[in-house]
Amino acid sequence: MSAGTLMELITNKGQSDPYYSETKTMKKTSTFFRNHVRICASLLILSLMSFCYLKSYSQGTTSSGIKGYIYDNQNHALPGAIITVINGPSNIRFDATSNEKGVFVLQNLPVGGPYSIEIKYIGTKKYTEQNVSLPLGQVYSLKVFLESEDVNLNTVEIKSARAGSARNLSKTGASKNISRTDLERYPSLNRSLSDFTRFTPQSSGLSFGGRNNRYNNIQIDGSQNNDIMGYGVGGGTTTGAPGGQAGTQPISLDAIDEIQVVLAPFDVKQGSFTGAGINAVTRRGTNTFSGSVYTYGKNEGLVGKSPDANRNKFNEFSDAQYGFRLGGPIIKNKLFFFANAEISRRNEPLLYKANRGTGASDESLVPAETAQQISDYLKSQYNYDAGKFDDISKQTNSEKMFARLDYIINSKNRLTLRHNYVHGERDDIANGINALRFENNKYIQTNSTNITVAELNTYFSNDIVNNLIIGYSNIRDNREIPGSPFPQVLIQLGAAGTITAGTEGYSPSAKQTQNLFQLTDNLDMIRNNHHFTFGTQNEFFRFDNLFIQNIWGNYTYSSLASFLNNQAPSVYQLTYSKIPDVTIPTSIFRAMQLGFYAQDEYTVQDGLKVTGGLRVDIPIFLDKPLQNTAFAESFVGMGLKTDSKPESRLLFSPRLGFNWDINNDSQTILRGGSGIFTGRLPYVWLGNAYNNSGVDLGRINATGTATAPIRFSGDVNNQPKTPTVATSEIDLTDENFKMPQVWRSNLAIDQKLPFGFVATLEGIYGKELNAPFIKDLNLVEPTAKLDGDGRDLYPSGTARLNFPQYTNVFLLTNTNKGYQYSLTAQLQRNVTQGVSGSIAYTYAHSKDISSMNSTIASTNFRNNTIINNPNNPGLTFSDWNLEHRIIGNVSYRIEYLKSMATTIGLVYNGQSGLPYTYRLNSDINNDGQTQNDAMYIPKSQDDIVLLPTNAQDLRTPAEIYQQLNTFIEQDPYLSKHRGEYAERNGARTPWSHIFDMHLAQDFFISSGKTRHNIQFTFDVFNVGNMLNKDWGLVKLPSITTAQLPATLSGAILTFRGFENPATANGRSRATYSYNPVNSSFVNAPFESRWRGQIGARYSF
């Protein structure tokens, strides 16, 4: 293929068709992937042509390395020494010869071991070392002084660095390795990656370094394993990997050998993230058959009582996992296999149910009789069964299968083939203390994932090593709905909250397909003290994205009476197709991200390595959104078009790192670096422009008097339309939009201490270069200030819009505002026997102008709490602002009586709470958005106008203020910021102190060379709460009942409108009502309980 043909394919200018026929889709899919194969082949050929003459070695993201210095007893370098390294389990042999400086390097070695190392040189005694273990992504360094054959060998000196020691030649920036031993010794209730990545001191959940968890890059064996679209990332139980939406893990924990988390790797091979890189390396077969059969389970008997005065038992539920793994030789020393399969079944109750007056902590404020009245009305009037409202259980089921083949083709080539299959289903429904949903308002999120990867490691000679990875991912996500099709109905019940019935508004048209083809190739060269790396990393995407809100209608009623009496709703929303004969249009778009890099690791002297490199990433968007001529004419002055897409541009990521063994004795290591990291963003943010061009979809968002002619219809195919409020939301992407980039610097010192301890001090600073941010271009500038608290005020009604025919015009663009930093002190001890563990304290700070915590443009805009102009928000605390965190872990294993062993592992997580926001629930500033206005904190009664809640509320304004003042004074944040606006994420929940425990009892016997082991385990999260009901309590803001982890915000004041200017001295201030709240915090109903899991396993 010529260069011209290649560029023609890359820059192909297509246009997505919202209503592909099946034939067209198949043809376009086939053509698309043929083109991808051609592009990848061309890139590979170009890479080989460019680099094939280089003598090289490499260390990949799935492997380890060994570097040695060989001298005689006079400290002279020994060139030509013969080094033999053998992997014991598979008998794979690696050979090397020392160069003229006595140095040898072996790269791309399989992680783990044990390895044996043998060094021979003519006229000297042979040196051997056994039981060497190679951690992921690290270089095992040794210095050997060989004695003459007539001299005793006891003068041989070896200096080596194992995982956790101060001598780690490859580490420059912050990272964390979790070994197989850690996976076996520490507690895990969910058998998830996050149960172990939390050992990273700078983490909070799946956020690392104060960054959005959508900016992580998850890999399995160095190949991409992300939910590229981004629906499966965010709060709740999602993981950021395929299957996250369905509540399943991307791979079984039993298939994993080691996990690595990197935050600031100044190795340019590491890319596609501005948060963290998470890489899980899988197990592989060896010359010995080995396997395991296991089961884990938990139920209500393994959950503590409610954290309140009632001390209620947890509702009945069950959660079980069953699985096996098996590995061994197909052809000894040649071909090996590993396979794992696992099934998970979970049935759990909702935490809140209808109120029956029992006082139980899991009762909502919504009365059971009200829920029954609504259920009966829907059945009699519309023949619709809303489902249960009490004792609702939700199911989460999954099946996972993983298979791997390792083929030693010959002494120069090693091929690995692996396939990962995941299928998951999850009921999505949640209640709160002031929010109740009928069972048929849930949806069932399903996922099917198939990922196939081939990896070829080629050792051309003693100096040349190449690593090639080719993979294909097919990911299918879909929402299934229970019950009959029916519009969603939300009824406001005043102080009791809300109740929701009907089909969940976003689910009738929610279906996504992702196809990813990836190609990565790394070639390296060593010349004297220089280690040059050249490589390419390329990803090709195809997305079929269907996600339309309210296509069956969505009604909100301000009272139960207004719904039962068939009055006009307070809010009515409908999305409908504007394309003739197409009921539900979809969007298909394609993209690719190409990466090229070069790097030099220069050994300045023994113990000092400096790494400098440059990476260039090139995002390319192949398809344009649909063209909206009317919109272009309206916004001609701004030059805006719906069919614009981001231009392809080179994104440079220069990096410089160093690792200095100060005294060249492995005792004190100074390391660090600085550089730019380019990542991906969730492509759903870009996909919004393909779904919301205004050509394919029309929207009705009626509020106030506009809802007067609207009456409820239970027929989803015959929803009322009101042309006077029928508008379109337009989503655009800035033509100059760039993928996220952050400039990150790291400085650390590792000090080796007696008894195997290592102390570390580490600092990280990150500055936003290109952070995603959303503006509403249809919003006019504010025209006034609100009388009273003085915030910006917009014109009312459609006067706030530049063009009333559009509700909003959201533009995805970039900002360079925002930063993150962290300071960490850590003490750790990693040994094969005895007590191992670590403890780390981190102080971290993170600020941004928008945390972008949703997948939808409108929600990202609305969720960003502001004081004045939402298009120009101030720099405030991020959703992922960590503040203080202490993470500690310690484990101990002892074998006794020749047939028994006991293991105990403890994990402590102490954290200075979570950030949350005091806001208002209404649109007080007329910007068209609810829930985004910051609360003003009154200094005195003269600072706020308070009204009774309703006619039955007999409190005077003075009495209401006294109750409000009492709440403000007891609140640690509000009391310190009187006379100010509540800052986004300015408040924090109290400290939490959680201990988790793993206890394992093994019974084993040996039969020949095979050891048979039966193990029973008991894992407990929040074990302190098991010992004392007042320990391990996790606090949530009383203004929200979100389940953790989640973005936390809520309101204590209800906006009631404005004063009549003709009264009260002619002022027009905002008025509010206030329902008394006893305390700022409540105990999290689930996280404040201890939770246990038992397991049984047979291994051989």
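The values are calculated or read from the model by the stated rules, or taken from the named source; none is laboratory data. All of these numbers come straight from a predicted model, not from anything done at the bench. Note that each Cβ is placed from the backbone with ideal geometry, even for glycine, and that neighbours are counted across all protein chains shown.
Here are the numbers:
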read-out	value
Subset of the stretch 793-841 (residues that are surrounded by 19 or more Cβ atoms within 10 Å (Cβ to Cβ), among the aliphatic types (A, V, I, L, M) and more than 30 Å from Ser922 (Cα to Cα))	Ala840
Selection count where residues are under 19 Å from Asp227 (Cα atoms) and polar (S, T, N, Q), scope the stretch 170-213	6
Residue that is among the charged types (D, E, K, R), over 30 Å from Asn718 (Cβ atoms) and surrounded by fewer than 20 Cβ atoms within 10 Å (Cβ to Cβ), where the choices are Lys412, Lys388, Lys400, Lys379	Lys412
Among residues of the stretch 808-844, those that are within 15 Å of Leu906 (Cα to Cα), aliphatic (A, V, I, L, M) and assigned to a strand (DSSP E or B), counted	2
Qualifying residue in the stretch 210-223 (condition: of a type in the set (Lys, Arg), in contact (Cβ under 8 Å) with a residue 12 or more places away in the chain and either buried (at least 24 other Cβ atoms within 10 Å of the Cβ) or farther than 30 Å from Pro114 by Cβ (or both))	yes
Looking only at the stretch 880-898, and only at residues there that are within 22 Å of the chain's Cα centre (by Cα) and hydrophobic (A, V, I, L, M, F, W, C), the one that is nearest to Ser1007 (Cα to Cα)	Ile887
Failed item, numbered, when Lys847 is tested on (1) part of a strand (DSSP E or B); (2) out of contact with any Gly (no Cβ under 9 Å at 6 or more places or on another chain); (3) not hydrophobic (A, V, I, L, M, F, W, C)	(2)
Which listed residue, of Phe324, Phe317, Phe289, is under 26 Å from Asn177 (Cα atoms) and in the same structural domain as Gln249 (by TED's automatic domain parsing)	Phe324
Top-ranked residue in the stretch 871-897 [being touching a Lys or Arg at 6+ places or on another chain (Cβ under 8 Å) and farther than 17 Å from Thr1047 by Cβ; ranked as surrounded by the fewest Cβ atoms within 10 Å (Cβ to Cβ)]	Leu875
Considering residues of the stretch 590-602 that are surrounded by fewer than 20 Cβ atoms within 10 Å (Cβ to Cβ) and over 30 Å from Arg542 (Cβ atoms) only, the residue modelled with the highest pLDDT	Asp600
Strands (runs of 3 or more DSSP E) wholly inside the stretch 334-412 containing at least 3 residues that are in contact with a Ser or Thr (Cβ under 7 Å, 6 or more places away or on another chain) and within 25 Å of Ser306 (Cβ to Cβ)	335-349, 353-355
Failed item in (1) in contact (Cβ under 8 Å) with a residue 40 or more places away in the chain; (2) within 24 Å of Ile1014 (Cβ to Cβ); (3) hydrophobic (A, V, I, L, M, F, W, C), with Phe266 passing the rest	(2)
Residues within the stretch 682-711 that are within 30 Å of Asn213 (Cβ to Cβ), among the hydrophobic types (A, V, I, L, M, F, W, C) and either modelled with pLDDT of 90 or more or out of contact with any strand residue (DSSP E or B) (no Cβ under 9 Å at 6 or more places or on another chain) (or both), tallied	4
Long-range neighbours under 6 Å by Cβ, at least six apart or interchain, first residue under 16 Å from Asn688 (Cβ atoms) within the stretch 795-817, second part of a strand (DSSP E or B) and among the small types (Gly, Ala, Ser)	Tyr806/Ser728
Answer residue from the stretch 516-565, given it is in contact with a Pro (Cβ under 7 Å, 6 or more places away or on another chain) and in a loop (DSSP other than H, G, I, E, B) and is farthest from Ile710 (Cα to Cα) among those	Ile551
Long-range neighbours under 6 Å by Cβ, at least six apart or interchain, first residue in the same structural domain as Leu761 (by TED's automatic domain parsing) within the stretch 837-854, second of a type in the set (Gly, Ala, Ser) and part of a strand (DSSP E or B)	Ile839/Gly888; Tyr841/Ala825; Thr842/Ser822; Ala844/Ser822
The stretch 944-967, residues that are assigned to a loop (DSSP other than H, G, I, E, B), under 42 Å from the mean Cα position of the chain (by Cα) and closer than 20 Å to Asp789 by Cβ	Ile944
Every residue from the stretch 995-1012 that is out of contact with any helix residue (DSSP H, G or I) (no Cβ under 7 Å at 6 or more places or on another chain) and crowded, with 16+ Cβ neighbours inside 10 Å	Leu999, Ala1000, Asp1002, Phe1004
Of the criteria (1) out of contact with any strand residue (DSSP E or B) (no Cβ under 7 Å at 6 or more places or on another chain); (2) in the same structural domain as Asn808 (by TED's automatic domain parsing), which one Gln952 fails	(2)
Output for the stretch 426-455, where each listed residue is among the β-branched types (Val, Ile, Thr) and at pLDDT 90 or above	Ile429, Ile444, Thr446, Thr449, Ile451, Thr452, Val453
Those residues of the stretch 253-279 which are within 25 Å of Ile343 (Cα to Cα) and either outside the structural domain of Phe196 (by TED's automatic domain parsing) or touching a Pro at 6+ places or on another chain (Cβ under 8 Å) (or both), in sequence order	Glu258
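Yes or no, residue by residue, for (1) part of a helix (DSSP H, G or I); (2) within 29 Å of the chain's Cα centre (by Cα); (3) surrounded by fewer than 23 Cβ atoms within 10 Å (Cβ to Cβ); (4) among the hydrophobic types (A, V, I, L, M, F, W, C):
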site: Pro654; (1), (2), (3), (4): no, yes, yes, no
site: Asn659; (1), (2), (3), (4): no, no, no, no
site: Asp665; (1), (2), (3), (4): no, no, yes, no
site: Gly672; (1), (2), (3), (4): no, yes, yes, no
site: Phe677; (1), (2), (3), (4): no, yes, no, yes
site: Asn701; (1), (2), (3), (4): no, no, yes, no
site: Arg711; (1), (2), (3), (4): no, no, yes, no
